[in-house]
Amino acid sequence: MAKEKTYYVCRECGSRQLKWMGKCPDCGQWDSFDQEKIQGLSDDLHRPMVPVDMSKPVNLADDVEKFQSDEGLRYTTGLGEFDRVLGGGLVDGATILLGGPPGIGKSTMLIQAAQGIADTGRTVMYVTSEESPSQIKMRASRIGITGDRVVVDAQTNLEVILNHIREIKPAVVMIDSVQLIYKPTLPAAPGSVSQLRQCGTELVWLAKSTGTTVVLVGHVTKQGTIAGPKILEHIVDVVLYFEGDYHQRHRLIRAAKNRFGATNELGIFEMSDRGLIEITDPAGLFLQRGYSQRPGSVILSAGEGTRILLVEVQGLTAPAAPGMTRRKATGVDANRLAMILAILERHARLKLSTKDVFVNVVGGVKVNEPAADLAIALAVAGAYTNKTLPQATAVFGELGLSGELRPVPFGENRINEAIRLGLRQIIFPTGTAIRSARFEDSQIIPCQNLTQVLELME
Ligand code: TYD
Ligand code: MG
């Protein structure tokens, strides 16, 4: 008989250790280990999670036609912004993980998408492990959804869910949320890493073997007791995360992984009292009306996926307690900020080593692209020197370690969108390819290095 073994498993990333640890060596999360008893190695690690004979090897040449174009198999969710992050709609047999904090709008978006898919003649099964069918119905009617061809299943037992799927044969199954689904034969608690991984794997297998599209909802919890969606990231085809500021009405959804399209694509919605509304022209969404340039504030023409967003980057410097300088980056990469501060010290001679530095992107947007470098540098430099760029200026560009400006992708689009939104000066790296930009009355100012741009501030 197999011996029972005790492991410690990280709720965030699923890392398995023999001893309890305060900090996960794999993902760096603190206090994330749960004890799990597992019936011997041979029973667990070597037990196939899905039936062994699920597939046969195929000849790539013979079957290649089947895979050549997935365009025919794609279908819309009825929500253009959701389709966009999916890479143009859903694909038969694909598995999608939709993550986000509670209350951000995952269930709302899915019930809207369920109706959109059902309108194309497909049956959708919406499995809810958190709400009752009447709660779902109430929400659906409030946002004007009829529920034709949408089957709601309030169930948490995986075996029962799989039986219902075999019976109903839906085109799309939505599991809201996968963390509360459990397999009764597994000796682990619902919400544990073992349960999440096993249920996730069986649902992915169902998708691959039957062509059913499976959407899994995963809660991202700050210090919850349930396992995080990271554990499922590598077994699904598409990973989408909601981001953005709760206190605002905007909801951003970003593809972190996509086997069927580009990653880093951004979908933008607004939460209203009739559900989520798509925002198809978001370029100026995050710019305040009547914005005026001031020290420590810079407008960045950011490229998010295939779209341009104009966002305000803010910087603040304050005297630091000796030996305790703080650097806080919200919406930008902290490592990138550290590099930019070093460049400012060296090439602009700003004494930042005795200052606390804060950088923030307004509106809860994350801009992790190098094109944000120049805006970050100017926001911090402006805050430090109390100088500002001329009114209605937008900037973009990557900074090199010797203070030089480097061209970035979509330069021309960034310029065009900034001009369309009424900005009068655009500062960007020399060498940016511009073919057909229309400048109207705006002035374009290519610059070679940071020093040159700093001279434009007054
Ligand atoms: P929900 O989709 O339940 O979030 P999640 O599934 O990610 O936990 O959305 C919940 C929030 O959205 C809740 O605070 C209420 C708000 N909301 C609206 O403002 N308008 C609406 O039409 C709906 C359905 C929800
Ligand atoms: Mg929900």
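Values in this text are rule-based calculations from the coordinates and carry no lab data. Predicted, not measured: the structure shown is a model, and the values here were computed from it. Cβ coordinates were reconstructed from backbone atoms using ideal geometry, including for glycine residues, and neighbour counts include every protein chain displayed.
For segment 234-276, chymotrypsin sites (Phe, Trp or Tyr not before Pro) are listed when DSSP marks them as loop and at most 15 other Cβ atoms sit within 10 Å of their Cβ; the list is Tyr246. Each Cα pair under 8 Å and six or more residues apart adds its separation to the average, and for the chain the resulting relative contact order is 12 percent. The GluC sites (Glu not before Pro) found in segment 83-170 that occupy coil by DSSP, while having at most 16 further C-beta atoms within 10 Å, are Glu130, Glu131. Taking one quarter of the surface of the C-alpha convex hull of the chain gives a mean projected area of 26.4 nm². Taking label positions 7 Å along the Cα-Cβ direction at both Glu458 and Ser141, the computed distance is 6.5 nm, reported to one decimal. By the rule of a second cysteine Cβ within less than 4.7 angstrom, the chain holds isolated cysteines at Cys199, Cys447. The charge dipole of the chain, taken about its Cα centre with unit charges on the Cβ atoms of Lys, Arg (+1), Asp and Glu (-1) only, comes to about 1020 debye. Over the chain, DSSP H runs of length four or greater, each weighted -39,500 (n - 2.57), average out per residue to a 222 nm ellipticity of -7500 deg cm²/dmol. The slack in the chain from Gln248 to Leu60, taken as 0.36 nm per residue of separation less the alpha-carbon distance, amounts to 62.8 nm. Shown for Phe410, Phe396: other C-beta atoms within 10 Å of each C-beta, ranked fewest to most, produce the order Phe410, Phe396. When you filter the trypsin sites (Lys or Arg not before Pro) in segment 282-387 for DSSP loop state and at most 16 other Cβ atoms inside 10 Å of their Cβ, you are left with Arg289, Arg326, Arg349, Lys351, Lys387. Pairs from the list Lys37/Lys106; Lys183/Lys366; Lys183/Lys230; Lys106/Lys387; Lys23/Lys366 with a Cα-Cα gap above 31 Å: Lys37/Lys106; Lys183/Lys366; Lys106/Lys387. Would you mind getting me the FRET efficiency between Ala342 and Ser272? Use the beta-carbon distance for r and R0 = 45 Å, nearest 0.05. In this case the efficiency is close to 0.50. DSSP beta bridges fully contained in the chain are about 55 percent antiparallel.
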